[in-house]
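The values are calculated or read from the model by the stated rules, or taken from the named source; none is laboratory data. Being a predicted model, the structure only gives us computed values, none of them experimental. As a convention, Cβ positions derive from the backbone with ideal geometry for all residues, glycine included, and neighbour counts pool all protein chains shown.
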Amino acid sequence: MQSTRPLWLILAPVIFLILWSAGFAVAKIAVAHAAPLTILALRYSLVLALLIPVALVMRPPLPKSWRAAGDVALVGFLIQVVYFGLCYVAFKLGVSAGGVAIIVCLQPILVALAAPWTVGERLGRKAWTGLALGLAGSVMVILGRSAVAAENTLGLVLTFVALLGITGGTLYEKRFGVSHHPVTSNLIQYAVGAACTLPVALATESMAINWDAEFLWAMAYLVIGNSLLAMTLLLAMIRVGEVARVSALFYLVPALSALFAWPLLGEAMPPLSWAGMALAAFGVALVSRKARAR
């Protein structure tokens, strides 16, 4: 008997990829106006300012136990603080967008390797082929943009830790996460993000911000597009789909990030990058197929 998937779930991967991928170029624009943790602390605080009135009106159900609330909080810490925080700091230390992207591209491989022991999911031969093609395509995108060059060593180390953060958050959400109201989940996760980034920003950064029109639209996008819409879709897809397949979407992020960087940052896409984008898309399509050879 074939189940009917809701329209939002069918469209979720495409919407998520667009919102998440554009966020790299937008974040690079924002970092030019303020220090990285200052941006994150402001971003998370603005999200909370939007969500709290909504929660007071809607009164969404709260987690049924402290353990359930702690699970949501831990996922928020791993993604909002470890992943985003360390990636932003790596950018500030001089690591290129391509350098960060190629490291984060390892996430689907790490998830696929860990999934059998952590969430009980195993991939077939076609899925592993798709993962390999996705990784190869992502590398082609970044090599085509000549983004792999001399990088800041500390920044690279922090990016690898950020990779472990989002990988751990993805696996933990799949194994222990339960279906919470999106307003409740976001409130908890962004409260954790603000509580962790704001004190560190106050202690280590000047908190100075260049308030101009470019910064305002960039922050609006990071708050609404990245923080609210993209994160809600990501957590929803993890809960209803196989975690390795959802993670495979990240193979398309470097390619789409490069595509968005073209008009936003003036970074052109050479032919090799276009070819890599096509290869990565084909690899993700293999991983995402529901019917697999057993």
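For A218, are the conditions met, namely being surrounded by 19 or more Cβ atoms within 10 Å (Cβ to Cβ) and more than 14 Å from L74 (Cβ to Cβ)?
Details: surrounded by 19 or more Cβ atoms within 10 Å (Cβ to Cβ): yes; more than 14 Å from L74 (Cβ to Cβ): yes.
Yes: the conditions hold for A218.
For the range 192-205, how many residues meet the condition of being over 24 Å from the mean Cα position of the chain (by Cα) and either among the hydrophobic types (A, V, I, L, M, F, W, C) or under 15 Å from A32 (Cβ atoms) (or both)? Walk me through how you get there before you give the answer.
Of the residues in the range 192-205, the ones over 24 Å from the mean Cα position of the chain (by Cα) are 202-205.
Next, only the ones that are either among the hydrophobic types (A, V, I, L, M, F, W, C) or under 15 Å from A32 (Cβ atoms) (or both) stay: 202-203, 205.
Residues flagged as over 24 Å from the mean Cα position of the chain (by Cα) and either among the hydrophobic types (A, V, I, L, M, F, W, C) or under 15 Å from A32 (Cβ atoms) (or both) within the range 192-205 amount to 3.
Among the residues of the range 30-50, what is the count of those that are surrounded by fewer than 20 Cβ atoms within 10 Å (Cβ to Cβ) and in contact with a helix residue (DSSP H, G or I) (Cβ under 8 Å, 6 or more places away or on another chain)? Walk me through it before giving the result.
Of the range 30-50, the ones surrounded by fewer than 20 Cβ atoms within 10 Å (Cβ to Cβ) are 31-33, 35, 45-46, 48-50.
Within this subset, residues satisfying the condition of being in contact with a helix residue (DSSP H, G or I) (Cβ under 8 Å, 6 or more places away or on another chain) are 31, 33, 35, 45-46, 48, 50.
The qualifying residues number 7.
List the helices (runs of 4 or more DSSP H) that sit entirely inside the range 20-129 and contain at least 2 residues that are in contact with a Pro (Cβ under 6 Å, 6 or more places away or on another chain), modelled with pLDDT of 75 or more and not charged (D, E, K, R). If you could, list the steps in order and put the result at the bottom.
Working: elements: 36-58, 66-76, 84-93, 97-104, 107-118.
Filter on the range 20-129 gives 84-93.
Regarding L17, is this residue farther than 16 Å from C87 by Cα and part of a loop (DSSP other than H, G, I, E, B)?
On the way: farther than 16 Å from C87 by Cα: yes; part of a loop (DSSP other than H, G, I, E, B): no.
When the stated conditions are applied, L17 does not pass them.
Does L74 qualify as being in contact with a Gly (Cβ under 9 Å, 6 or more places away or on another chain) and either within 24 Å of L264 (Cβ to Cβ) or without any contact (Cβ under 8 Å) to a residue 40 or more places away in the chain (or both)?
Numbers: in contact with a Gly (Cβ under 9 Å, 6 or more places away or on another chain): yes; either within 24 Å of L264 (Cβ to Cβ) or without any contact (Cβ under 8 Å) to a residue 40 or more places away in the chain (or both): no.
For L74, the condition - in contact with a Gly (Cβ under 9 Å, 6 or more places away or on another chain) and either within 24 Å of L264 (Cβ to Cβ) or without any contact (Cβ under 8 Å) to a residue 40 or more places away in the chain (or both) - is not met.
So which of Y83, Y44, Y88 is in contact (Cβ under 8 Å) with a residue 12 or more places away in the chain and touching a Ser or Thr at 6+ places or on another chain (Cβ under 7 Å)? Full working, then the answer.
Numbers: Y83 fails: touching a Ser or Thr at 6+ places or on another chain (Cβ under 7 Å); Y88 fails: touching a Ser or Thr at 6+ places or on another chain (Cβ under 7 Å).
It is Y44.
What do you reckon, is L286 surrounded by fewer than 23 Cβ atoms within 10 Å (Cβ to Cβ), at pLDDT 70 or above and either in a helix (DSSP H, G or I) or touching a Phe, Trp or Tyr at 6+ places or on another chain (Cβ under 7 Å) (or both)? Even if it seems obvious, please write down each step before you answer.
Values: surrounded by fewer than 23 Cβ atoms within 10 Å (Cβ to Cβ): yes; at pLDDT 70 or above: no; either in a helix (DSSP H, G or I) or touching a Phe, Trp or Tyr at 6+ places or on another chain (Cβ under 7 Å) (or both): yes.
So L286 fails the test.
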